[in-house]
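Colleague: One structure is given below, represented as structure tokens, and several questions about it will come after.
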Amino acid sequence: MNMKTVTLFLFLSLAVSIGAQTPTISEEVEAVYPAAHDLYIDLHRTPELSSHEIQTASKLAARLRSLGYTVTEGVGGTGVVAILENGVGPTVMLRTELDALPVEEKTGLPYASKVHAQDDSGREVPVMHACGHDLHMAALAGTAAIMAHSQQSWHGTLMLIGQPAEETISGARRMIDDGLFTRFPKPSVGIALHVGNDLPAGEVGITPGIYNTNADSLRITIYGKGGHGSAPQSAIDPIVIAARTILALQTIVSREVKPGEMAVVTVGYVRAGTKNNIIPDHAELGLTVRTYKADVRKQVLAAITRIAKAEALAGGAPQEPLIEHYEFTDSVYNDPALAQRLRAPLEAALGKGNVIATESITPSEDYAFFIEQGVPSLYMSLGGADPRKYAESKNAGTQLPSNHSPYFAPDADPALRTGMEAEVAVLRNLLNGASQ
């Protein structure tokens, strides 16, 4: 029996068991949950790095194709686009990410990843779904099954997106450049969600307006003059210049940005040297910068350039540092009217107390590129924390493992169920032919 037959059998069994009654969303989710959970476990065990999601994309594409969707693979690299047309109505996009992170998993789960792979620089790194993209994909697949087998409940065009390379904030732009909104119907509305431990599993958060931050990735190469570690007077030490640069960069937020404005400047890595008694000829810093406002973003980026050049000059560097701005995305903006409209169906599906008003967050992601193309959207927060552990951490004033932590593991039950319930509820509301 193939996956499409199994899913249809479950739906028919559900229909028989409840007679002529229309099943609730939770009953529909229950029918597809085993298959969705199995996919989640499989994806968690077999993560792939950004832009290398070959098997991941293939698994998702095969699942959607078996449900009757018209599936196109290889969009923008490894991206997947699945279309289900169901009469006259709007086109609504639901998006998931495909990629994992170069993180060594330490969750201790029986299905923990043991995968290692080569990154783009040729280094062997551990790979883990430390950001919940595996759960997002499983939720989308379950939602796709429900929507495919309940077409009497909606009309229009459902567009499902499996986007590569979210973690390098490059996949959305590549899909757009590859004709996402010209080769395929341009959606009138977009939906996405992200799981995390900021909310307990079973809850969904809505943030009207600015959802997250602008993100800028910078690579600063500081040049020196190599030499023997025992004779520093004959060299120009780029590591010392790098150390002074790192400390000076910390004054941007504390002394240059207006108090109360949001800005983050983090040096995530330092690479320099090969041996303890060799002064290298260059050092490299990797930065991530986060802001909400365009003017603050401009100010912080200018300050980074000024400080890096000044510290190199002060250290006697033979040339100015190379400052590369290699990744960027704007903040994700949730359409306020759309957020207000979709609160009601979410509350009806999940319960009023499980739909939470949430504040803007500091992580970033490249869904913003879809919004920039004129796709008003709602990007939801999905609770992933074990409710008991969440309550205990609140009482103790501690924090649960965050996204990107080697210990991050969402509570798949009920988070996966809640994700599907939320997606089905908002898709049916949007695909009822009514305007926004």
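All of the numbers you see were taken from the coordinates with simple rules; none came from a lab. Since the model is a prediction, treat every value here as computed from it, not as a measurement. Glycine gets a Cβ as well: all are built from the backbone with ideal geometry, and neighbour counts include every protein chain shown.
Colleague: Straight-line reach from Lys114: which aspartates and glutamates have Cα under 12 Å away, leaving out those fewer than 8 places along the same chain?
Modeller: The reachable aspartates and glutamates, counting only those whose Cα sits under 12 Å from Lys114, are Glu48, Glu104, Glu105.
Colleague: Follow-up. For Thr72, project a label point 7 Å along Cα to C-beta. Then give me every residue of region 170-212 with its amide nitrogen under 11 Å of that point.
Modeller: Correct set: 176, 178-186.
Colleague: Here is a further query. Simple spin-label model, 7 Å along Cα-to-Cβ: Thr274 to Leu109 in nm?
Modeller: 4.0
Colleague: Treating cross-link reach as a plain straight distance, find the aspartates and glutamates whose alpha-carbon is under 19 Å from the alpha-carbon of Lys293, omitting any fewer than eight places away in the same chain.
Modeller: Asp216, Glu256, Glu261, Glu327, Asp330, Asp335, Glu359, Glu365, Asp366, Glu372
Colleague: Further question on the same structure: Report, to the nearest 10°, how far helix 54-66 tilts away from the longest principal axis of the Cα atoms in the chain, using its own Cα long axis and a range of 0 to 90°.
Modeller: Orientation of helix 54-66: about 10 degrees from the principal axis.
Colleague: Hey, what do the phi angles of region 290-295 turn into as Karplus ³J(HN,Hα) couplings, whole Hz, using 6.51/-1.76/1.60 and θ = phi - 60°, x for Gly and Pro?
Modeller: 10, 8, 9, 9, 5, 5
Colleague: Follow-up. Could you please tell me the mean projected area of the C-alpha convex hull for region 176-250, averaged over all directions and given in square nanometres to one decimal?
Modeller: For region 176-250, averaging the hull's shadow over all directions gives 11.3 nm².
Colleague: Working from Cα positions, state the angle (0 to 90°, nearest 10) between the long axis of helix 3-17 and the longest principal axis of the chain.
Modeller: 50
Colleague: Calculate the FRET efficiency for Arg388 and Lys352 from the Cβ-Cβ distance with a Förster distance of 22 Å, rounded to the nearest 0.05.
Modeller: Details: r = 22 Å, r/R0 = 1.01.
With a Förster radius of 22 Å, E is 0.50.
Colleague: Rg to Rh for region 300-407: what is it, with Cα atoms only and Rh by Kirkwood?
Modeller: Values: Rg = 21.2 Å, Rh = 18.5 Å.
Result for region 300-407 is an Rg/Rh of 1.14.
Colleague: Determine the relative contact order of region 294-420: mean sequence separation of Cα pairs under 8 Å and six or more apart, normalised by residue count, in whole percent. List each step's numbers first, then the result.
Modeller: On the way: 69 pairs, mean separation 27.6, N = 127.
With pairs under 8 Å counted, the relative contact order is 22 percent.
Colleague: For Lys352, which aspartates and glutamates qualify as cross-link partners when the Cα separation must be under 19 Å and same-chain residues fewer than eight apart are set aside?
Modeller: Result set, ordered by chain and number: Glu27, Asp198, Glu203, Glu421, Glu423.
Colleague: Around Thr288, under 10 Å between beta carbons, what's the net of Lys plus Arg minus Asp minus Glu among the other residues?
Modeller: Details: positive: Arg290; negative: Asp216, Glu327.
So the environment of Thr288 carries a net charge of -1.
Colleague: Restricting to the chain, compute how many DSSP beta bridges are antiparallel as a %, nearest 5. Please report the intermediate quantities before stating the final value.
Modeller: Values: 49 of 71 bridges.
The antiparallel proportion sits near 70 percent.
Colleague: Right, something else. Which Rg and Dmax, in Å, describe the Cα atoms of region 214-329?
Modeller: Answer for region 214-329, Rg first and Dmax second: 15.0, 48 Å.
Colleague: Sorted by packing (mean other beta-carbon atoms within 10 Å per residue), highest first, where do 110-119, 44-53 land? Walk me through the numbers before you get to the answer.
Modeller: Details: 110-119: 13.8, 44-53: 21.8.
Packing proxy ranking, top to bottom: 44-53, 110-119.
Colleague: Among the listed pairs Lys225/Lys298; Lys106/Lys275; Lys59/Lys186; Lys59/Lys106; Lys186/Lys298, which have their C-alpha atoms separated by more than 27 angstrom in this model?
Modeller: Working: Lys225/Lys298 32 Å; Lys106/Lys275 30 Å; Lys59/Lys186 25 Å; Lys59/Lys106 25 Å; Lys186/Lys298 32 Å.
Violating the 27 Å Cα-Cα cut-off are Lys225/Lys298; Lys106/Lys275; Lys186/Lys298.
Colleague: Which value does Rg/Rh take for the chain over its C-alpha atoms, Rh per Kirkwood?
Modeller: On the way: Rg = 23.8 Å, Rh = 23.3 Å.
When Rh is taken as the Kirkwood radius, the ratio is 1.02.
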